[in-house]
Each structure stands twice: as structure tokens, then as C-alpha cells.
Amino acid sequence: YETRSQKLKLQLDYSNYNLNYKDDPVGYRSRTDNAFGASVFYQFWPKTALFAEYDLALIEFDSGSLYDNTEHRYFGGVIWEVTAKTRGQFKVGFTDKNFDSSSITDQEDFSLEVQTQHNLTPKRALQINAYRRFHESDLAGASSFLSTGIDVGVLQRFTEKWSGTLNLFYEINDYNEVNREDDYYGIIPAIRFKPKKWLFFDLGYGHYNNDSNDATYDYETNQILLRATATM
């Protein structure tokens, strides 16, 4: 909802995420997340708005796990488009993660999200994304893990139909209730072909490396991606 002056905007959000594993050994990870959000934006300057946001996430595991929990997320931030070359969003806040079971320690920490793009030239852009947030655990014995990461990408437009990207990312995953911390990083070059305004194809390659303080979880992954996307 936007007021007539266009200075004040209210926004409500809802999302549903369902994860369903087929194999019994990891079936305990299957879950459903329902998240509700409310945000208030105020346009202080022509190209800059401040906002406050609250999100409530209900996380329930299909197996009736002890790890069912509720997340309360509080944010304040700014959205800007200072010039035609630079735009972005920055928000910082606090996440309170409360587990249904009294045997699991509740967790809380500050949260962060940065999304920005700077057009270096008409055909080249620099994108920087950073984040700090909780994830549900992928490890038996850990209630969750906290991710802190940064992703830096360069976009190059070759022609009207062809473009390429190169992304580098680094992430630290700190597991709760177990002695495990992972350094996860990778490189992802990709090329895009856009024959129509509403249709494009991506071909990319990703190399990922996970370096853990527990060598059991060290691994490397190589991935090839081919994707077709149509927009309305």
C-alpha cells in the first residue's frame, strides 16, 4: 500500500518453503517453513528511503523433531539509488531463534544483508552482496548454523544479446552445539544468451570448496548449469 504522497509505503509478505527428502537417513531434515513479514518504508529523499521490517518464521520438521522453532527477525535499513550508476539496499538487525523444546538452547545474534550494484561503464557492472543469517542444521546433533558471507560479481555485456558474469564468494558456517566451523568458498563463471526480451539462457560452471575444522566434512564440488528462463 502506498500513500498519495508516495512518501510512505506499507508492505506485507508471506512465503512458504517445503523441503522433502526421499532417503530415510536424512529424512529428519524434511520440514516446512512459513514466514510472515511486515515492512514500513519512508521516502526521506527523492532517491533514498528508510525502512523498518519485522519477520516471523514458523519452522516445523515433519518428524516432530526437537528442532522445531520460531524465528523473530527485526531489521532497519536504507534503500538508495544515488545516481544512475549506483543503487542498493542495506539492512541490519537482530534474530531471535526460539526452540519449542526446552532441551535445546535458544539462539540469538545480529543479522545483516547488503545488496548493491555499481555500473562501472554502460557495459560493465560490479555487484556486492553480503549477509549474516541462521540456517537450519544439515548435521545431526546441531540445532542450526550461522552463516556470514560475501559474494562479489562482475557483469560484462558483450552485445545486446550476449553477456557474462564472474562471481566469487566466501562464507563461514558456524554450527551450534557442536565443534564445527566451515570455510566455504567458490568461483562461478557464466554466460547468458538473451534472444528475446522475455527469454534468456544461462550456461555456467561452479567450483566449490568446503574446508572444515573437522576433516570429515572437507569436500570439493564441480557443477555445470544450463538453465532457460521465461518472464512475463
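The values are calculated or read from the model by the stated rules, or taken from the named source; none is laboratory data. Note that the structure is a prediction, hence the values are computed from the model and not measured. Here Cβ is always computed from backbone atoms with ideal geometry, including for glycine, and neighbour counts include all displayed protein chains. Surface areas here come from the heavy atoms of the whole protein model, side chains and all, with no ligands, DNA or RNA. Shrake-Rupley method; radii C 1.70, N 1.55, O 1.52, S 1.80 Å.
At a 1.4 Å probe, what is the % contribution of carbon and sulfur to the accessible area of the range 111-224?
That fraction is 57 percent.
Which distance in Å, rounded to a whole number, links the C-alpha centroids of the range 184-199 and the range 33-79?
Here the two parts' Cα centres lie 29 Å apart.
Can you tell me the accessible area per residue over the range 32-100, all protein chains present, probe 1.4 angstrom, in square angstrom?
Solvent-accessible surface per residue comes out at 53 Å².
Which sequence of GLU60, GLU71 reflects their accessible areas, 1.4 Å probe, from the largest down?
Numbers: GLU60 115, GLU71 5 Å².
Solvent-accessible surface, decreasing: GLU60, GLU71.
Hey, rough spin-label estimate for LEU168 and THR229, points 7 angstrom out along Cα→Cβ, what's it come to in nanometres?
About 2.4 nm, to one decimal.
Among the listed pairs LYS47/LYS197; LYS7/LYS85; LYS22/LYS97; LYS7/LYS91; LYS47/LYS91, which have their C-alpha atoms separated by more than 25 angstrom in this model?
Result: LYS47/LYS197; LYS22/LYS97 exceed 25 Å.
Size of the dipole of the chain about the Cα centre, Lys and Arg at +1 and Asp and Glu at -1 on the beta carbon, nothing else charged, in debye to 20?
About 2240 debye.
Given the peptides 193-206, 16-29, 168-181, arrange them by the average over their residues of other C-beta atoms within 10 Å, most packed first.
Highest to lowest by the protection proxy: 168-181, 193-206, 16-29.
Would you mind classifying the chain by shape? Square roots of the alpha carbon gyration tensor eigenvalues, ordered a ≥ b ≥ c; an a/c under 1.5 is rounded, otherwise it is prolate if a/b is larger than b/c and oblate if not.
oblate
Starting from the Cα-Cα distance between PHE90 and LEU203, subtract it from 0.36 nm times their residue separation and give me the gain in nm to one decimal.
That works out to 37.7 nm of additional length.
Who wins for biggest fluctuation among LEU146, LEU155, LEU12 in a Gaussian network model of the chain, springs between alpha carbons below 10 Å?
Sorting by GNM fluctuation, first place goes to LEU12.
What order, most packed first, do the peptides 124-130, 225-231, 159-165 have when packing is the mean number of other Cβ atoms within 10 Å of each residue?
Order by mean packing, descending: 124-130, 159-165, 225-231.
So, R0 is 25 Å and r is the distance between the beta-carbons of LEU19 and VAL152; what FRET efficiency does that work out to, to 0.05?
Efficiency for this residue pair is about 0.30.
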